[in-house]
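Throughout, read-outs are computed from the coordinates displayed, never taken from laboratory work. Nothing here was measured: the structure is a model prediction, and the numbers come from that model. A quick note on method: Cβ atoms are made from the backbone with ideal geometry, for glycine too, and the neighbour counts reach across all protein chains shown.
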């Protein structure tokens, strides 16, 4: 059973965003390598207390692969525009075409502990789809997609802007100072990286050809077990 | 499709290494212009950088870049407390100037406690005082056609001994917080922080805050100065000329 699951705007945004994230994280890690220490507050430098000190990220994780702060900034700042403006178009569009309300809205019943437990158990058994409505997102999908769309990506964008000395001065204050904004930028990046790893893992477990194919063509094949149950 | 995804995930290193060559492509570099345009459009040209209270200053303000120019000329100037040092103001100006430290101190002063943001990611907060650059430029009188202010410094950098310089456009040159600082945290600038005079252009990153100022030049174009990209790090490493982000 073929189901039309992802609209064109969703597919376009997904891939633009995927490319942007694939550039932003490695180039951001290279920028981090220039000063791999994180602080809270307005200021923070070598003589100040760092809440996190990390070794430099290896070259296979960074863009460029060798130490090149200027090059990494070129990548990061160029794709920042791609990331931010594509989200700026996608979110209101998805509100207007009712994608957000229809597919991502979390209903009270879904948050009931028994339902969460059932869904978790189904995940462990690699059953990801509700047989009655196979194309609907389950609660963990909804929560993680909504978390990325409404929390992580906006947080990354605004904490990133807060780092810019030429940006609105109040923006850094919103996050508790520029170095706090830098720490939050890093934490949001770490959470987004975690999302990417889990997302890719689940795509593979759910059947990569069908899943990736549906994000390209829009058409998704409902799994057999779901089909039979339906 | 599996192989493509496999490529992206497992062949990431190869992919990224292949991207290294594109790090200075014109498309990426144009983003710098886009950020400058967007920032100035949404924040306003005269928006002020955040100023802080005295108790919000960094306990210790680290030095960066050149810690001491240590050239014979600079050492001679430093030896008698910069009494013989003069700031030359020239280029496309009506009245070239040669200003002593005493003259700069007798101009109307601006003091500001601001955050210094290094391109590397760290920040330090300190108090800076000096005349606004605008005061000096008004004394000299810019000629028609001047579009940039170039700051020539006493320090020569790196193995190749290239003189440090920086440049800003007139929007930043006439910004109220753009000052020629001779004082830091209520004491005359130390050698590590750019004695006797440094630029503070508060809405840009640290490498724009040129230290050890010797000469200010008004120009119509940045071509022909250094390698033409408007500053030492811009020329040497490809940093953005507009460092507001």
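Between residue A:224 and residue A:88, what's the calculated FRET efficiency when r is the beta-carbon distance and R0 is 35 Å? Round to 0.05. Don't skip to the end; give the middle numbers.
Details: r = 40 Å, r/R0 = 1.14.
Plugging the Cβ-Cβ distance into 1/(1 + (r/R0)^6) gives 0.30.
Rounded to the nearest 500, the helix-only mean residue ellipticity at 222 nm of chain B stands at -7500 deg cm²/dmol, with each DSSP H run of n ≥ 4 adding -39,500 (n - 2.57).
How high is the FRET efficiency from residue A:190 to residue B:88, r the C-beta distance, R0 60 Å, rounded to 0.05? Display every interim value, and only then the final one.
Values: r = 50 Å, r/R0 = 0.84.
My answer for the efficiency is 0.75.
Within chain B, the percentage of alpha carbon pairs spaced more than 26 angstrom apart rounds to 42%. With N as its number of residues, the stretch B:156-201 has a Cα radius of gyration that, divided by 2.2 N^0.38 Å, comes to 1.36.
Peptides A:51-58, A:203-210, ordered by how many other C-beta atoms sit within 10 Å of their residues on average, highest first, read A:203-210, A:51-58.
Give me Rg/Rg_expected for the stretch A:2-229, where Rg uses Cα atoms only and Rg_expected = 2.2 N^0.38 Å with N residues.
Working: Rg = 19.8 Å, N = 228, 2.2 N^0.38 = 17.3 Å.
Relative to the rule-of-thumb radius for its length, the stretch A:2-229 sits at 1.14.
Using DSSP, restrict attention to beta bridges with both residues in the protein assembly as shown and report what percent are antiparallel, rounded to the nearest 5. If I count the DSSP bridges inside the protein assembly as shown, around 90 percent turn out antiparallel.
Looking at chain B, the DSSP beta bridges with both ends there are about 90 percent antiparallel.
GNM remark for chain B: springs join alpha carbons under 10 Å apart, and the peak mean-square fluctuation among B:229, B:208, B:161 falls on B:161.
Other chains near A:29-37: what is the mean number of their Cβ atoms within 10 Å of each residue's Cβ?
Details: counts 0, 2, 3, 2, 2, 5, 5, 2, 3.
If you average over the peptide's residues, the count of other-chain Cβ atoms is 3.
The modelled label-to-label distance for the pair residue A:98/residue A:209, using points 7 Å beyond Cα in the direction of Cβ, is 3.5 nm. Given R₀ = 60 Å, FRET efficiency for residue A:11-residue B:51 by Cβ-Cβ distance, to 0.05? According to the calculation, E is roughly 0.80.
When the Gaussian network model of chain B links Cα atoms closer than 10 Å, the mean-square fluctuations of B:233, B:122, B:85 top out at B:122. Inter-chain neighbour count for B:50-63: the average number of beta-carbon atoms from partner chains within 10 Å of each residue's beta-carbon is 3. Applying D = kT/(6 pi eta Rh) to the protein assembly as shown, where Rh is the Kirkwood radius over alpha-carbon pairs, T corresponds to 37 °C and eta to 0.692 mPa s, the Stokes-Einstein value obtained is 132 µm²/s.
Against chain A, whose longest principal axis comes from its Cα atoms, helix A:8-33 is set at around 30 degrees. Relative to the longest principal axis of the Cα atoms of chain A, the long axis of helix A:208-217 makes an angle of roughly 80 degrees.
In Å³ and rounded to a whole number, note down the convex hull volume per residue for the Cα atoms of the stretch A:6-139.
199
In chain A, the longest principal axis of the Cα atoms and the axis of helix A:153-162 are about 10 degrees apart. The stretch A:1-47 and the stretch B:126-159 have Cα centres lying 38 Å from one another. Inter-part distance, the stretch B:95-120 to the stretch B:17-58, computed on C-alpha centroids, equals 23 Å.
Out of every Cα-Cα pair that the stretch A:92-209 contains, those further apart than 19 angstrom amount to 59 percent. Peptide A:43-56 has a mean shielding of 4, counted as Cβ atoms of other protein chains within 10 Å of each residue's Cβ. Net length available on complete extension from residue B:70 to residue B:187 is 40.0 nm, with 0.36 nm assigned per residue and the Cα-Cα distance removed. Can you give the Rg to Rh ratio for the stretch B:58-198, taking only C-alpha atoms and Rh from Kirkwood? Result for the stretch B:58-198 is an Rg/Rh of 0.95. Length gained on full extension, residue B:169 to residue B:41, computed as 0.36 nm times the residue gap minus the Cα-Cα distance: 44.5 nm.
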